[in-house]
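Worksheet: the structure to be examined is printed underneath.
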Amino acid sequence: MPKFCFVELIEPAVKGTLNVLKACLEAKVKRVIVVSSGAAVGLNPRWPKGQIMDETCWSDKEYCRTTNNWYCLSKTEAESEALEFAKRTGLDVVTVCPNLIWGPLLQSNVNSSSLVLIKRLKGNKLSSVVRVSACDDKENFSAACLVAVGTGVFQFLYAYLNSNKQSLLSVYTEGYESLENRLRMIVDVRDVAEALLLAYEKAEAEGRYICTAHLIRERDLFDKLKSLYPNYNYPKNFTEGREDVTMSSEKLQRLGWSFRPLEETLIDSIESYKKAGILD
Ligand SMILES: NC(=O)c1ccc[n+]([C@@H]2O[C@H](COP(=O)([O-])OP(=O)(O)OC[C@H]3O[C@@H](n4cnc5c(N)ncnc54)[C@H](OP(=O)(O)O)[C@@H]3O)[C@@H](O)[C@H]2O)c1
């Protein structure tokens, strides 16, 4: 495993989660909600093809390693360690696993999941700044690029600044000529917040909760975006490709969770990017 992946992804996720859980145990916190991810659910080649994934499905750690899916590995390790910790100590831990989260930005910098949408709108020359901490040598820098490329979100052309042991990578992406017509699982950040509150407040909440709202193919998403915002630089065509995995949030819905329409998420996201000057 490249050093960068351990330092930047695995260690903060696992050690950070366990540190918080230990502190909660000491402080006698009643219940802790851990934000995991669909990434800890969906990367499992042994799951029966075509069967909708539920909370019993876990990403296969060895498969994450062999396919260099370090983010998936970090989330899978962190969530399983959290639930093991709960078993061992009696601390009440509930985990929530959202898929791709969009919605209005609160923070001033763009996180990677919002970039997925921005990239679909902005076409070429998206220039954004992603902070990669402690990425201050050549080896780590290349590993950072590899990880970023591995996510499929960016295309790295370059760059590098170093201040206070932190690097700023300017990320340039090119518009998609062609995009794989894969299935996306999207959820609004405000609905994720509702899910976290429900998991915290409902006495009967236990274990894991998949948190996903909309299953939509890239081509249908493109049609929706184009009907709402006709003037952006969208992909020209779509190819068919990989087999999709699908997940269900039925367990969370049984707890009382519901979600807003996708159009609302798209409009509120895009309007917030416009307001922040990201789409200029
Ligand atoms: N966005 C999604 O689509 C998505 C989907 C599923 C799950 N999740 C999960 O949701 C959580 C938040 O994701 P996000 O998309 O909101 O990410 P984000 O906007 O990049 O925020 C990450 C947060 O973690 C903090 N952080 C990063 N490295 C840290 C470290 N080593 N020590 C302490 N704090 C650190 C950052 O602090 P600073 O602000 O100081 O940098 C920031 O507040 C993550 O656990 C992610 O895995 C996200």
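The values are calculated or read from the model by the stated rules, or taken from the named source; none is laboratory data. Computed from a predicted model, the values in this text were never measured in an experiment. Here the Cβ positions follow ideal geometry from the backbone for every residue, glycine too, while neighbour counts run over all protein chains shown. In case anyone asks, the SASA skips ligands and DNA or RNA and just uses the protein heavy atoms, side chains included. Shrake-Rupley method; radii C 1.70, N 1.55, O 1.52, S 1.80 Å.
Per-structure values
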| read-out | value |
| --- | --- |
| Ranked order, I118, I101 - accessible area, probe 1.4 Å, largest first | I101, I118 |
| Order of exposure, largest accessible area first, which applies to D191, D92 with probe 1.4 Å | D92, D191 |
| In Å², nearest 10: area of L18 left accessible to a 1.4 Å probe | 30 |
| Extension gain (nm, one decimal) between Y63 and D280, 0.36 nm per residue minus Cα-Cα | 74.1 nm |
| Heavy atoms of E177: accessible area, 1.4 Å probe, square angstrom to 10 | 120 |
| Candidate lysines for bridging to K275, where Cα separation is under 18 Å - those fewer than 8 sequence places away on the same chain excluded | K119, K122 |
| Cross-link reach list, lysines versus K202, counting only Cα pairs under 20 Å and skipping chain neighbours closer than eight places | K28, K30, K87, K251 |
| Total charge dipole magnitude, segment 235-274, about the Cα centre, Cβ charges on Lys, Arg, Asp, Glu only, Debye to nearest 20 | 100 |
